[in-house]
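Here is the structure we will look at, set down as structure tokens.
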Amino acid sequence: MPLIKHLSDIKNHFTEISKIMNETCEPNLPTRNDCNDMTVMSSNEYERLLYESSVDEKLTKAEIEAETNNQRYTHADVIASLRERVKKIDKLPPNAKSLAAMAEAERISRDPSVKGYRDMNALFEDLNTDK
């Protein structure tokens, strides 16, 4: 159920209302003079709605194409096509950001002042210990 608040309530209680909206994923319908003025929602909810809209649009296009095109693909054909695409991606060189991250990881792994772990429990114990 959408949260309906007066614009002044949003201004005066923004943090509280923002928290509620993020927890419930419900939009807020601010009112002015007892009339809906706009719709406000969390950015996560907005992104989810955009994604759903995009998926719906693509499914609609696919349904139209299926109705107007008699060509059908077997499961094996689709999987083979996907594998070919993955092979092409695997052959691409890493981008500059990935290369920099790999170089940094290499540097850290060779740095004697950086503590290393052979046991995940010891790692988590150190992470959970306030220092």
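Every number here is computed from the coordinates shown, using simple stated rules; none is lab data. Please read these numbers as outputs of a predicted model, since none were measured by experiment. Methodologically, a virtual Cβ is constructed for each residue, glycine included, from the backbone with ideal geometry; neighbour enumeration extends over all protein chains shown.
Structure notes:
- Summary of the geometry: the stretch 1-63 and the stretch 69-119, compared by the centres of their Cα atoms, lie 36 Å apart.
- Selected from N44, N33, N69 as most flexible by GNM, with the chain as the system and alpha-carbon contacts under 10 Å: N33
- Top of D56, D119, D111 by mean-square fluctuation, Gaussian network on the chain, Cα under 10 Å: D119
- Global form of the chain, assessed from the alpha-carbon gyration tensor, a/c cut-off 1.5: oblate
- Per-residue Karplus couplings for the stretch 7-15, computed as 6.51 cos²θ - 1.76 cosθ + 1.60 with θ equal to phi - 60°, are listed in order as 3, 5, 5, 5, 4, 7, 10, 4, 4 Hz, Gly and Pro entered as x.
- Under-5 Å amide H pairs with H6, H placed in peptide plane, nonlocal only: T31
- Where labels lie 7 Å past Cα in the beta-carbon direction, separation of T129 and L7 in nm: 5.6 nm
- Karplus (6.51, -1.76, 1.60) ³J(HN,Hα), θ = phi - 60°, over the stretch 97-108, in Hz, Gly and Pro reported as x: 5, 5, 4, 5, 5, 5, 5, 5, 5, 4, 4, 5
- Highest GNM mean-square fluctuation among M21, M102, M41, for the chain modelled with Cα contacts below 10 Å: M102.
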